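Notes for the one structure printed next.
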Amino acid sequence: MIAFLPFLVVALALLGAVHWYVWRRLVRDVTAAGGPARRVGTAVAVALPLLSVAALASGRAGAPFLFQQVVAWPGFLWLAVLLYLVLALAVGEAVRPLLSRWLARRAAAAPAAAPVAVTAPVTAPVPVPERTAEPGTKAEGEPEAKAEPEAETEAGAVVETKAGVVVERPVAPEVSRRLFVARVVGGAAAAAAAGTVANGAYGVLRGPKVKRVTVPLAKLPRAAHGYRIAVVSDIHLGPILGRAHSQRIVDAINATQPDLIAVVGDLVDGTVENLGPAAEPLARLRARHGSFFVTGNHEYFSGADAWVDHVRELGMRPLRNERLEIPAGFDLAGVDDVAGESEGRGPDFARALGDRDRSRAAVLLAHQPVVIDDAVAHGVDLQLSGHTHGGQLWPGNLLAELANPTVAGLERYGDTQLYVSRGAGAWGPPVRVGAPSDITVVQLASKQA
């Protein structure tokens with residue numbers, strides 16, 4: 001815990017700095033000091049990050065599940081909006097001076113507006129003493145004439161009073177131009193962020209689409225040509241994605257009529273007690289040779305042993321560093337996730353693959369793509385993984401590429417092929433941008449066919 005504190009301090013400081021920047025551009029720069037809009041905007045700018053911190057921490061802290069559900073929607077959605085607000089405002093910083101200069105040139109090129117006379121009440125004349133002084137001089141007792149001061153209105157007009165008549169002379173002051181530019185850039189950034197997040201949330205809540213990929217395996221027997229494995233990863237049942245989400249996934253998988261179903265980790269974000277009902281539809285998965293499950297890192301945040309027992313009750317077979325022979329003529333193996341090493345589990349390739357017949361094709365289920373080197377060393381023909389979410393929120397794919405050999409899709413490593421699913425759910429914000437969720441039907445092809 002002590003080693004974690006510096007990271008936590010840096011993360012909170014960064015979160016505070018980002019929110020200050022957003023407040024400055026979307027609240028301070030576009031509202032009047034002390035006005036109701038400024039006060040409301042400031043209150044919202046304080047409340048939203050508190051909700052986000054609560055959404056992130058409530059599950060690990062063991063808060064009541066109802067509380068987790070209440071804070072999850074606004075807290076996680078705000079994190080997604082914040083990301084795209086900052087990106088849009090960063091673009092706006094480049095647009096801001098260009099728009100200001102354009103407005104200044106336009107104002108300079110426009111013809112000067114004629115003064116506009118506005119009738120004002122005129123009081124009755126007050127008698128004054130008769131002038132006795134010489135023409136051109138001030139009479140005794142007569143006050144000196146004083147020019148009425150000019151005043152600037154909020155609309156940017158100069159107001160001048162002459163002999164009971166108010167004259168407004170329109171101008172384009174620098175202050176009004178800055179306010180206009182701030183509101184245009186801020187409004188455009190907010191609209192872009194809200195639209196992006198709304199579209200990304202719709203994609204997640206609608207459910208994953210089915211992809212089909214053909215993978216040729218040199219050692220696959222002719223009898224197994226066309227064998228279909230439905231691969232689903234990163235379902236992430238939790239405070240936001242619940243029973244309806246798992247039902248959509250079950251319906252989509254069953255519609256493909258697969259020969260085998262592989263659930264490759266990160267099924268849940270929470271305990272069996274809280275999420276058991278949400279996972280119940282998984283009991284209706286149907287495949288000729290059954291459904292199989294391997295743990296992901298989030299299972300170890302949620303009670304891996306309890307979930308392994310529960311998925312077994314739902315009719316799935318957990319593969320915990322073990323292998324079995326599929327009647328079609330190839331080996332299916334599964335290893336625990338590397339996060340299990342903290343609990344004395346973790347992947348054990350020697351146990352799962354060490355004594356197998358290497359003349360047979362082998363398909364490995366492993367949550368994280370990073371174990372591909374071990375798969376290559378043990379003669380695996382195809383590894384099926386998830387974990388990356390394809391980056392989930394662009395430009396998150398750039399960060400995912402730094403930590404994973406493959407972020408999404410099919411790639412070859414020596415004699416081993418690696419397929420990485422983008423996942424069927426979402427972690428944190430129920431939003432995907434540039435990385436749509438998927439269920440993949442991997443169709444094995446025999447080169448002997």
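The values are calculated or read from the model by the stated rules, or taken from the named source; none is laboratory data. No experiment lies behind these values; they were computed from the predicted model shown. Every residue, glycine among them, receives a Cβ derived from its backbone with ideal geometry; neighbour counts consider all protein chains shown.
Kindly indicate whether any position in segment 3-17 is within 27 Å of Pro430 (Cβ to Cβ) and at pLDDT 95 or above. The answer is no; no qualifying residue exists.
Could you please let me know if Arg212 is under 16 Å from Leu364 (Cα atoms) and among the basic types (Lys, Arg)? Answer is no for this residue. In segment 404-417, the residue that is farthest from Ile235 (Cα to Cα) out of those that are over 26 Å from the mean Cα position of the chain (by Cα) and either crowded, with 23+ Cβ neighbours inside 10 Å or acidic (Asp, Glu) (or both) is Asp415.
For segment 351-378, name all the residues that are under 19 Å from Pro221 (Cα atoms) and surrounded by 17 or more Cβ atoms within 10 Å (Cβ to Cβ). Write out each step before concluding.
Step one: of segment 351-378, the residues under 19 Å from Pro221 (Cα atoms) are 356-364.
Hits for segment 351-378 are Ala361, Ala362, Val363, Leu364.
As an exercise: evaluate Ala435 against (1) under 13 Å from the mean Cα position of the chain (by Cα); (2) crowded, with 24+ Cβ neighbours inside 10 Å; (3) aliphatic (A, V, I, L, M) and give the number of the one condition it does not meet. Just one mismatch for Ala435, condition (2).
Out of Val197, Val231, Val185, one residue alone is touching a Gly at 6+ places or on another chain (Cβ under 6 Å), surrounded by 17 or more Cβ atoms within 10 Å (Cβ to Cβ) and either modelled with pLDDT of 95 or more or in the same structural domain as Arg28 (by TED's automatic domain parsing) (or both). It is Val185.
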